[in-house]
1. Before I look further, what does the chain give for accessible area per residue, probe 1.4 Å, in whole square angstrom?
2. If you build a Gaussian network model of the chain, linking Cα atoms that sit under 10 Å apart, which residue out of Ala126, Ala221, Ala261 swings the most?
3. Could you derive backbone 3J(HN,Hα) for segment 160-168 from the dihedral phi with the Karplus parameters 6.51, -1.76 and 1.60 (θ = phi - 60°), listing whole Hz in sequence and x where the residue is Gly or Pro?
4. For a quick check: with amide H placed at 1.01 Å from N, whose amide H comes under 5 Å from Tyr58's, ignoring anything fewer than 5 positions away on the same chain?
5. Work out the FRET efficiency for Asp279 and Lys49 from their Cβ-Cβ distance, taking R0 = 30 Å, and round it to the nearest 0.05.
6. From the backbone phi of segment 181-191, what are the Karplus-calculated ³J(HN,Hα) couplings (6.51 cos²θ - 1.76 cosθ + 1.60, θ = phi - 60°) in whole Hz, Gly and Pro given as x?
7. Of all the C-alpha pairs in segment 14-82, what % are more than 19 Å from each other?
8. Pull up all non-local amide H partners of Asp144: gap of 5 or more, or a different chain, and H-to-H distance under 5 Å with H placed in the peptide plane.
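The values are calculated or read from the model by the stated rules, or taken from the named source; none is laboratory data. On a predicted model such as this, the values are computed, not experimentally measured, just so you know. Note that each Cβ is placed from the backbone with ideal geometry, even for glycine, and that neighbours are counted across all protein chains shown. These area figures cover heavy atoms from the full protein model, side chains too; ligands, DNA and RNA do not enter into them. Shrake-Rupley method; radii C 1.70, N 1.55, O 1.52, S 1.80 Å.
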Amino acid sequence: MTRTDLPRESRGVRTTPRREVLISGASIAGPALAFWLNRYGFAVTVVEKAGALRGGGYPIDVRGTALEVVRRMGILPRLQDAHIDLRRLTFLDEDGSEVASVNPHIVTGGVAGRDLEVRRGDLTGALYSAVRDDVEFLFNDSIDTLDQSGRGVDVTFRGGGKRTYDMVFGADGLHSRTREFLFGPEERFHRYLGYCFAGFTMRNTFGLRHEAVLWNTPGRAAVLYAVGDNDDVHAFLNFAHPDPPYDAFRNPEAQRDLVAAAFADAGWEVPGMVAAMRDADDLFFDGVSQIRMPRWSSGRVALVGDAAYAPSFLTGQGSSLALVGAYMLAGSLADRDHATGFAAYEHHTREFVTVNQELVGKGDAALFPTTARALEQRNDMLRNVSAMPPAEGRPAHSALTLPEFMPMA
């Protein structure tokens, strides 16, 4: 078990005991929540099953209200320096011929010059740097059991440790074990959107720079994403699948076989992408889905980010919802007990979550049409908008104005 312990005595004398809390997950929602809870005077521990902070990863967006969160955290300049300058998005037909080449913001609904796109590792690194000197991190460990009582939450760690916390927070992603502890199997809250995808990196032998290329046939898409002048590209293989392939989620070879079968007769550069996927050591496979829950807390335990309200990558809002949710959860608890604070968190955040989750519907994602007719309609739309200026952004991205909470500790 690896620790990063903090010199808490340097923060000055407090007249009341600090509430001790545990956060499960050190990706985006977890460190963001840790940052704000620490600012409000909580003693924070973050437990992460991985042995270290995860670097690298595919590009993600920070938009709308989330930009104000990172500005208030003081990490906006660092993220601006890491911004990926994607200049062109080209759509290809089945034979590899160009359908349209557009400004990426026309498709994403982002705002050029304001919204950010960064590598996932750049965002997680910035968040970790902002909290590592004030928060205890337990790497290579996870929650084994948790039991609630009137005095707190008793936690047993897989590494063998035991502690009692005032509150516990699940920031452990789409397949959250904390959520399973509290509310039962994932299937109760899992809204499958009809697709699966595989993401990995491969050699950039295509001459791509600062651009993405997307190949489509009905129900299938292959994307090559060059984030800069690097020798590698991010590759994505997305395909319609009627039911969630639960048997494949924990079996990497089954994942590779499923993807290869879905693209067995594909043209363009897809055969080479499938071959690269077979050898990739950074393959990430999952279903395209959302988490929809009637409530996000139970007793002294609450969920945040994808664990509570994953919107799916089709919205481009997963990271932004995690950042905003962390800010709202911490602020709601700043001067309240857990029951009142959790209720305020849900009351003031749920509408923002819902409007962003509803950016997509089941099986009708504009980027990935499932029928020949829908694909042709999409292509006609792209040909007509290719000469248009970027849109002003989707209102959903900025549908919440961040409140000012109590003065920080």
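1. Normalised by residue count, the accessible surface of the chain is 43 Å².
2. Maximum fluctuation in the GNM of the chain, among the listed residues, is at Ala261.
3. Working through the residues one at a time gives x, x, 9, 8, 10, 10, 5, 8, 10 Hz.
4. Residues meeting the criterion, in which the H sits 1.01 Å from N, are Arg120.
5. 0.70
6. Once rounded to whole Hz, the list reads 4, 7, 10, x, x, 4, 4, 5, 10, 7, 10.
7. Here the long-distance tail beyond 19 Å is 46 percent of all Cα pairs in segment 14-82.
8. Amide H neighbours of Asp144, under 5 Å, 5+ apart: Thr156, Phe157, Arg158.
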